[in-house]
Structures are given as structure tokens and as C-alpha cells.
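*Asks:* Have a look at the structure that comes next, please.
The values are calculated or read from the model by the stated rules, or taken from the named source; none is laboratory data. Predicted model, so just to flag it, every value in this text is computed and none were measured. As a convention, Cβ positions derive from the backbone with ideal geometry for all residues, glycine included, and neighbour counts pool all protein chains shown. When the accessible area is computed, the model is the full protein with side chains, heavy atoms only, and any ligands, DNA or RNA have been set aside. Shrake-Rupley method; radii C 1.70, N 1.55, O 1.52, S 1.80 Å.
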Amino acid sequence: MRSPLLKSCLAMLMAVSAACGGVTEPDVSPTSPVGESTQAVLYPPAAPASGNILDSTTYMGRVNVPGSIQAQYTTSPQYFGISFQVRPSSTVKLEVTHLGSSMYLDTGLFLYGPRQANGSFGTTLLAQDDDSGYGELSRISSVNLAGGEYLVVVSSGSGVGKQFRLQMDCLAGGCVSAPAPSGYALQLQQESLTPALEETMNEDVYWGCEGACNGWLTAYHFAWPYTDPPTLAMATRTVEQQAHFQTYGYQATGTFPYADLEPRLLPIFSTYDVPEQMLATYGNGTENVQVASYASPVQGSDFNLFVILFPESRKVLVLEQEHFW
């Protein structure tokens, strides 16, 4: 049995320990609202003025699920964007794998979407992760998606010269969407021109020819829920049904890459850099932009019409020119 003196000493020691912080409660970290890791994550790409996070990334194109892609960082920090399409109620796994990635690489994963009808992925994060994978690599083990097209961003703050490999797997729901139906026509939604192009077309081009020519530009966007890429034929099927097109009796004269468009335009368009403005405004810098051309048999002036497809940016432009005799 302990003596009264020993009991008194023990009581004093416990009191001093509590007062001095000797007994502590374990820290409890709050649950992260998105993603899996409660560790500090790498910074996501900055939200651009456009409201489309894609514009803050180095876009690598679209990859089917399941599938993978590799790329090498050339700057720090750098954000690679990869898009993928899934069916409604799909569950996917996204991982920067040890196999195919450089040693000592530190990455972050960020998921956005689905892509809206205007072509934007928005800036709202659906999921994110820092170090749940091998070493300092990233992994989103499971995320349920409502369907559509999504953008995954693989970032690194110190990865110059290093390579990553992103693996995307389907865990449930089938994931893979169907190809577009045979004879499909794009469902085009008209959008406003940018202020710069609006001024170029309505002021510079209109007055620049001194009454000898004219030009019109219409911009559209379209949704794309299919696995195969949209085609120029899908765009022309829609444009050819427009009342204006049929009024002028336009007849097809060929298809060609965007690089061959400028020589077919009136000089006034080159004077005001219309081809360059269109490509910079509506393209992503890497996609294969294609053009279909038409001519009208209407007498009195030369009418030409061009349908321009930006397949990855989900944009269609219709450019029309008139040259008076």
C-alpha cells in the first residue's frame, strides 16, 4: 500500500504535467472536401479569365478509358491536361504509375468536368490528390462520374526533364461510350464572336474593300458525347441544311487543311489577319483543323463559303465572302 506522502507526490506530479502540456490530445485533421489525400496537395492550375480550366494547361488530347498516356515536363510548374469520355454512372481510377514515370517525380492530380455545351470544363474541382500513389506520385483510387467528357490535369512543381505516365481504368459502369451514329450531323449552337473579331469583320473588312467585297463570320459550338472524333462531314451536313446556304445554291468545291485556307480568301482577310485571329481564338494550338469550301452559281458577284471544324475545341466557323464584279 502506498504511503500518504507518496500519494501526495503523485498527485502533484500529475497536476504539474497537465498544466505544462504534458498530456495532449491527438491532432485530428479535417476531412478534405475533394480527392483522397489529406496531405497538402500541389497547387492546381490557376483559373483563367475564360472560365475554362483547359486554357491553363498543356493539352495532350483525348484518351479512351481504359488507356494511358505519357509526357515529359519541360517547365516548372507545368500542368498537362488530358480529356476522356465516359458513360453516365461510371466509376474510374486515375493514377500516375511508377511504371513509365521518372524516379523522384512529385505530381498532383486534378479532375474537372463534365464539359459544358459551350466547350468549357469550368474551374470547379471534382477530385484531387497529391501523394496517394507510389512514393510522391498521385492516385485517385475511385471517382463516380455522371457521364460526359472530363479533364484530368497532371501537375508537377519540380518535374523539368522528368516523365510521367497516367493510367486511366474503368472500375464500374462500362465507361466507354458508343461511337456516333452513321450519318450524324452536329448539333450546332451559335455563339457571339469575340469583340476583336466582331470589330474586324463588321468594321475593317466591311469598309476595307471600298465596296468591292464583303465578308461574314458565324461561330458555333457543339456537344460531343461519342467515343470517335467529330468529322468535317458531320459539320457540313448541318450547315448545308441552313436556309441561307440553300438560297445561294452553294456547291462543294473541296476539302483541305486550315493551312491552305488563306490563299483562297480575298486579300482583305489577310490584311486584317482574319485567318490568324480565327485560329488563335477558336483552336487549341495542336488539333487538326479542316475546311470544306463551297461556291455559289448566283450571277452578279462571286460568293464563297467555308465551313471550318475545330474537332477538339468543339467549334465550327462558317466564313462567307463576296467579291463584286
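*Asks:* Hey, could you check the stretch 188-211 for residues that are open to solvent by 40 Å² or more (accessible area, probe 1.4 Å) and in contact (Cβ under 8 Å) with a residue 40 or more places away in the chain and say which is farthest from Val316 (Cα to Cα)?
*Replies:* Within the stretch 188-211, the first condition is being open to solvent by 40 Å² or more (accessible area, probe 1.4 Å), and the residues that meet it are 189-192, 194-196, 198-199, 202-204, 206-207, 210-211.
Within this subset, residues satisfying the condition of being in contact (Cβ under 8 Å) with a residue 40 or more places away in the chain are 189, 191, 194, 196, 204, 211.
Details: Gln189: 9, Glu191: 10, Thr194: 14, Ala196: 18, Asp204: 22, Gly211: 28 Å.
Going through the qualifying residues, I end up with Gly211.
*Asks:* Among the residues of the stretch 214-227, how many are at pLDDT 85 or above and surrounded by fewer than 18 Cβ atoms within 10 Å (Cβ to Cβ)? If you could, list the steps in order and put the result at the bottom.
*Replies:* The first filter runs over the stretch 214-227 and keeps only residues at pLDDT 85 or above, leaving 214-222.
Add one more test, that the residue is surrounded by fewer than 18 Cβ atoms within 10 Å (Cβ to Cβ), and what stays is 216, 218.
Count: 2.
*Asks:* On to the next question. Is it true that Ser155 is more than 14 Å from the chain's Cα centre (by Cα), outside any loop (DSSP other than H, G, I, E, B) and farther than 18 Å from Tyr226 by Cβ? First the steps, then the outcome.
*Replies:* Details: more than 14 Å from the chain's Cα centre (by Cα): yes; outside any loop (DSSP other than H, G, I, E, B): yes; farther than 18 Å from Tyr226 by Cβ: yes.
Yes: the conditions hold for Ser155.
*Asks:* May I pose another question? Which residue pairs have Cβ atoms closer than 6 Å, lie 6 or more positions apart in sequence or on different chains, and pair a first residue in the stretch 293-309 that is without any contact (Cβ under 8 Å) to a residue 40 or more places away in the chain and more than 15 Å from Pro257 (Cα to Cα) with a second residue that is open to solvent by 30 Å² or more (accessible area, probe 1.4 Å) and aromatic (Phe, Trp, Tyr)?
*Replies:* Ser301/Phe324; Ser301/Trp325
*Asks:* Then there is this: Got at least one residue in the stretch 163-185 being in a strand (DSSP E or B) and either hydroxyl-bearing (Ser, Thr, Tyr) or over 29 Å from Ile69 (Cα atoms) (or both)? Let's see the steps before the verdict.
*Replies:* Start the filter on the stretch 163-185 by keeping residues that are in a strand (DSSP E or B), which leaves 163-172.
The next check asks that each one be either hydroxyl-bearing (Ser, Thr, Tyr) or over 29 Å from Ile69 (Cα atoms) (or both); those that pass are none.
The answer is no, given that none of the residues of the stretch 163-185 is in a strand (DSSP E or B) and either hydroxyl-bearing (Ser, Thr, Tyr) or over 29 Å from Ile69 (Cα atoms) (or both).
*Asks:* How many residues are buried (at least 17 other Cβ atoms within 10 Å of the Cβ) and at pLDDT 95 or above if we restrict to the stretch 231-249?
*Replies:* So the count comes out to 6.
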